[in-house]
1. State yes or no: is Gln101 at pLDDT below 95, open to solvent by 60 Å² or more (accessible area, probe 1.4 Å), under 13 Å from Phe218 (Cβ atoms) and not charged (D, E, K, R)?
2. If you scan segment 203-222, which residues turn out to be open to solvent by less than 40 Å² (accessible area, probe 1.4 Å) and β-branched (Val, Ile, Thr)?
3. Name the residues in segment 223-254 that are within 26 Å of Thr113 (Cα to Cα), in contact (Cβ under 8 Å) with a residue 24 or more places away in the chain, part of a loop (DSSP other than H, G, I, E, B) and open to solvent by 20 Å² or more (accessible area, probe 1.4 Å), would you?
4. Go through segment 162-181 and count every residue that is among the hydrophobic types (A, V, I, L, M, F, W, C) and not in a strand (DSSP E or B).
5. Name the residues in segment 25-68 that are among the β-branched types (Val, Ile, Thr) and part of a loop (DSSP other than H, G, I, E, B), would you?
6. Can you go through Arg133, Arg137 and tell me which one is touching a Leu at 6+ places or on another chain (Cβ under 9 Å), buried (at least 21 other Cβ atoms within 10 Å of the Cβ) and closer than 30 Å to Leu32 by Cβ?
7. I'm trying to understand the selection: among the residues of segment 154-201, which are out of contact with any helix residue (DSSP H, G or I) (no Cβ under 9 Å at 6 or more places or on another chain) and of a type in the set (Lys, Arg)?
8. Since Gly200 meets every condition but one in (1) open to solvent by less than 70 Å² (accessible area, probe 1.4 Å); (2) closer than 30 Å to Ala108 by Cβ; (3) of a type outside the set (A, V, I, L, M, F, W, C), which condition does it not meet?
Amino acid sequence: MSSVLGIHGVRNYKAADTTPAIGSKRLRTDWLEALGSSVPELELETVYFADLLRSERQGDELDDVEVVLVEQWARAWGLDPSGVQGRATGWLRWICGQVAQRSGQRPAVVEKTVRIFFPEVARYFAARREAVRERVRDALVRHRPEVVVAHSLGSIVAYEALHEAADQLEVKLLLTLGSPLALPHAVFHRLDPFPRDGKGTKPASVRRWVNVADVGDFVAIPKGMLAQVFPGVDELPEISIAPAWPHSVLDYLRHRSVSEAIAAGIRRG
């Protein structure tokens with residue numbers, strides 16, 4: 001059997017996940033169903049940390065820290081976020097509408113994703129980083145996977161945890177899906193270890209790093225930049241996983257290029 005560890009992204013908290021073990025079991029079932037029989041003899045585990053990023057705040061209005069992240073994301077899309085005054089719903093709707101035009105997505109889908117994604121990213125960097133990273137690091141050391149598959153925010157956590165546990169692991173493949181690691185200022189310039197001379201570093205424990213991003217994934221930006229700022233990363237050709245919502249981990253896992261990358265990573269000696 002071949003060992004794979006899955007690391008989830010945002011929007012994964014469920015009220016039924018009363019313990020991390022229950023949440024992890026649910027995610028494992030979902031990921032296995034999405035992969036199907038495409039990767040034979042797969043031993044998959046998932047690490048769950050959505051409970052640590054859960055917000056008790058009522059409503060979905062962005063706070064000041066989250067607004068800054070959205071502004072930095074908008075600039076990566078070539079937008080001037082000061083084009084609309086204020087921080088109300090109209091400001092966010094205008095930005096998301098502009099990104100929707102550039103990415104070929106529906107504005108409502110972009111806005112919904114932004115309202116979910118950036119609050120969790122903000123909580124990770126501002127207050128929950130150590131707790132989340134500790135849980136992922138412990139899972140890495142406990143399971144010692146041959147392949148690590150990390151989606152969205154999970155790719156940020158995986159990057160930092162793999163660096164932290166570099167002397168305890170040997171990972172054949174790090175596969176990042178829909179990763180925002182190259183997003184300037186909002187993510188890239190907040191990483192630990194901090195980039196040097198405008199470059200990040202592949203974790204020493206990782207033999208090969210492959211990145212996959214849907215052509216319309218408006219979180220995984222700037223397009224094609226990840227391999228430029230992280231030397232040694234292989235970028236797979238842009239794919240289309242699901243036009244309706246191109247950031248879904250389950251749709252990434254269903255795509256042939258992803259299952260083939262996992263299988264190839266397992267085969268490598």
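1. Yes; evaluated as a whole, the condition is true for this residue.
2. Hits for segment 203-222 are Val206, Val210, Val212, Val219, Ile221.
3. If the condition is that a residue be within 26 Å of Thr113 (Cα to Cα), in contact (Cβ under 8 Å) with a residue 24 or more places away in the chain, part of a loop (DSSP other than H, G, I, E, B) and open to solvent by 20 Å² or more (accessible area, probe 1.4 Å), then Met225, Leu236, Glu238, Ser240, Ile241, Pro243, Ala244, Trp245 are the ones that fit.
4. Going through segment 162-181 one residue at a time, the tally reaches 5.
5. Val39
6. When all the criteria are applied, what remains is Arg137.
7. Arg196
8. (2)
The values are calculated or read from the model by the stated rules, or taken from the named source; none is laboratory data. The structure presented is a predicted model; accordingly, all values stated were derived computationally and were not measured. As a convention, Cβ positions derive from the backbone with ideal geometry for all residues, glycine included, and neighbour counts pool all protein chains shown. Just so you know, the surface numbers come from the protein's heavy atoms only, side chains and all, with ligands and any DNA or RNA stripped out. Shrake-Rupley method; radii C 1.70, N 1.55, O 1.52, S 1.80 Å.
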